[in-house]
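Contents: one structure, followed by commentary.
The values are calculated or read from the model by the stated rules, or taken from the named source; none is laboratory data. Everything numeric in this text was worked out from a predicted model, so none of it was measured. In this analysis, Cβ positions are derived from the backbone assuming ideal geometry, glycine residues included, and neighbour counts consider all displayed protein chains.
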Amino acid sequence: MDIQYVNSMNYEKFSYVFGNVIEKCPLVAAAVWSKRPFKDILDLENNIEEFIDSLPQSGKEGILRCHPDLAGKDFLSGSLTVESQGEQRSAGLTTLTPGQVSQLQQLNTSYRDRFHFPFVVCARKSDKDTIIQQLSLRVHNPPEQELLIGMEEVKKICHLRLLDIFDQVSRL
Ligand SMILES: NC(=O)NC1=NC(=O)NC1=O
């Protein structure tokens, strides 16, 4: 996909294509459409990051709250978005032992009870053992640190989802 094609999209098409680069937060793409024309994919990504960085704390917490737990209820019920499903599978979460599933669920519950938003990590850059280890460590961090780390992980997820979109369409 060339960036001229992106810049030619009306906001419905733009939202359709980019609406889930931030999990279940189509507002981000709908808002960033106003910033066109984009010089290139990096410029588009930078505008997305600037938008989410400009949000107040409650907005950032809201973005984290839109993320499904790793191996959580959406994962178990098969109701994850296509992107999340692929990401969680790539981290090996489909091959967790029953003990690991309950360990992850307990840790996710402790994390959520402490921070009032879910543990977020870029699953594609991780694996099930590292995720469990990271969650065990990060659950003890100060809230403000976890908000920062969570938002950085959201940006990593967004980066990979953008690459997928540009790669897919370039093969059309
Ligand atoms: N809580 C999460 O970190 N969720 C996720 N991370 C990903 O990379 N995909 C998800 O669904």
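Numerical summary
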| quantity | calculated |
| --- | --- |
| Any hit, the stretch 82-89, residues being aliphatic (A, V, I, L, M) and surrounded by fewer than 19 Cβ atoms within 10 Å (Cβ to Cβ) | yes |
| Tally, over the stretch 56-81, of residues that are within 11 Å of the ligand (Cβ to nearest atom) and either among the polar types (S, T, N, Q) or not in a loop (DSSP other than H, G, I, E, B) (or both) | 5 |
| The one condition in (1) within 14 Å of the ligand (Cβ to nearest atom); (2) within 17 Å of the chain's Cα centre (by Cα); (3) of a type in the set (A, V, I, L, M, F, W, C) that Ile132 fails to fulfil | (2) |
| Unmet requirement for Ser102, which otherwise passes all of (1) assigned to a helix (DSSP H, G or I); (2) within 14 Å of the ligand (Cβ to nearest atom) | (2) |
| Unmet requirement for Tyr111, which otherwise passes all of (1) of a type in the set (Ser, Thr, Tyr); (2) modelled with pLDDT of 95 or more; (3) in a helix (DSSP H, G or I); (4) farther than 15 Å from Gly150 by Cβ | (4) |
| Filter result for Leu137 (part of a helix (DSSP H, G or I) and loosely packed, with under 13 Cβ neighbours inside 10 Å) | yes |
| In the stretch 5-26, the residues that are out of contact with any Ser or Thr (no Cβ under 9 Å at 6 or more places or on another chain) and closer than 19 Å to Leu160 by Cα | Val6, Phe14, Ser15, Tyr16, Val17, Phe18, Gly19, Val21, Ile22, Cys25 |
| Qualifying positions in the stretch 78-94 - on the phi < 0 side of the Ramachandran plot, modelled with pLDDT of 95 or more and not charged (D, E, K, R) | Ser79, Leu80, Thr81, Val82, Ser84, Gln85, Gly86, Gln88, Ser90, Ala91, Leu93 |
| Answer from Leu42, Leu76 - the residue that is farther than 18 Å from Cys158 by Cα and surrounded by fewer than 19 Cβ atoms within 10 Å (Cβ to Cβ) | Leu76 |
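Quick grid of which residues meet (1) among the β-branched types (Val, Ile, Thr); (2) farther than 24 Å from Phe38 by Cβ:
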| position | (1), (2) |
| --- | --- |
| Gln57 | no, yes |
| His67 | no, yes |
| Thr94 | yes, yes |
| Gln105 | no, yes |
| Phe119 | no, yes |
| Asp129 | no, yes |
| Leu147 | no, yes |
| Cys158 | no, no |
| Leu163 | no, no |
